[in-house]
Amino acid sequence: MVATRDECRDRARDILLSPHAAVLSERQREVLLRRAAGWTLAEVGADLHVTNERVRQIEATAARRVLQAACADKGIAKDK
């Protein structure tokens, strides 16, 4: 089953409001918020003065950090 855009937005909002979001830098939070709001890589990159590829990297790192924090909180070992 593929998640809808609204489901993705809701999940991103939940993650960013969770205590696990404390592991994110301000830039990582901004990227996740804007991507969840429907901004393209190019739009986020232009606003933050970075390349599309850098936005993708920041987004991936942020998602991984939140996942690791959530797993650590629940005592689940998660590979890097």
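The values are calculated or read from the model by the stated rules, or taken from the named source; none is laboratory data. Every value quoted in this text rests on a predicted model; they were computed, and no experiment measured them. Virtual Cβ from ideal backbone geometry, glycine too; neighbours counted across all protein chains shown.
Numerical summary
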| read-out | value |
| --- | --- |
| Cβ-Cβ under 6 Å pairs, at least 6 apart or on other chains, segment 65-80 side of a type in the set (Val, Ile, Thr), far side at pLDDT 65 or above and assigned to a helix (DSSP H, G or I) | VAL66/ILE15; VAL66/HIS20 |
| Whichever residue in segment 10-31 is more than 9 Å from the chain's Cα centre (by Cα) and among the polar types (S, T, N, Q) and, among such residues, is nearest to VAL55 (Cα to Cα) | SER25 |
| Wholly enclosed helices (runs of 4 or more DSSP H) of the chain bearing at least 3 residues of a type in the set (Gly, Ala, Ser) and modelled with pLDDT of 75 or more | 41-48, 52-73 |
| Members of segment 30-55 found to be surrounded by fewer than 16 Cβ atoms within 10 Å (Cβ to Cβ) and touching a Leu at 6+ places or on another chain (Cβ under 7 Å), listed by number | LEU33, ASN52 |
